[in-house]
1. Please identify the GluC sites (Glu not before Pro) of region 111-146 that satisfy two criteria: DSSP loop assignment and at most 11 other Cβ atoms within 10 Å. Which are they?
2. Can you pull the percent of Cα pairs in region 39-145 with separation above 17 Å?
3. Multiply the residue separation of E142 and I100 by 0.36 nm, subtract the distance between their alpha-carbon atoms, and state the gained length in nm to one decimal.
4. Multiply the residue gap between D50 and R66 by 0.36 nm, knock off their C-alpha separation, and tell me the result in nm, one decimal place.
Amino acid sequence: MKKVLIIALALVSVAGGYFGWQWVQDHDVLEDGPFADDEEEKEKQEYLYDLEAIVTDLKPREGGERSVVRVDIELQCRDEESHERVQNHAVYVRDEILAILRGTGPEELEGDGGMEELGDKIVERVNGILAEGEIVDVYFTEMMVQ
């Protein structure tokens, strides 16, 4: 009796695995699901320019209290040519971002809205140095204010 039960259980497991695999194949779970190779996402990653860590003073608070920020930024470039242009002008790009940060108060960096506003300002000013539309987006991979 035990042998029959073990054999039946094994057959059910194999059949379940087979039909499960067929269902995954029929529904393109691997191609369209969360593990899919998203070409657009790959393209975004190809044109990311990683600025080294930036550490600078922020604009003093009203009471004169000073703060320091350490931020890691990645710039998403429009295409390969834009990426090369950012790489060739990295000194000017970093200088512009430092100027933006030094003119920003710590209270302006609070919340998602502050980070988004800072990112928009960086895109606008860096594109002013390079050419309009070179930088598509800014990603803050780390930020610490003290």
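1. E132
2. 51
3. Contour length minus the Cα-Cα distance gives 13.4 nm.
4. Between D50 and R66, full extension yields 3.0 nm more.
Laboratory data are not the source of any read-out in this text; all were calculated from the coordinates shown. Quantities reported herein were computed from a predicted structural model and do not represent experimental measurements. Don't worry about glycine lacking a Cβ; one is built from the backbone with ideal geometry, like all the others, and counts go over all protein chains shown.
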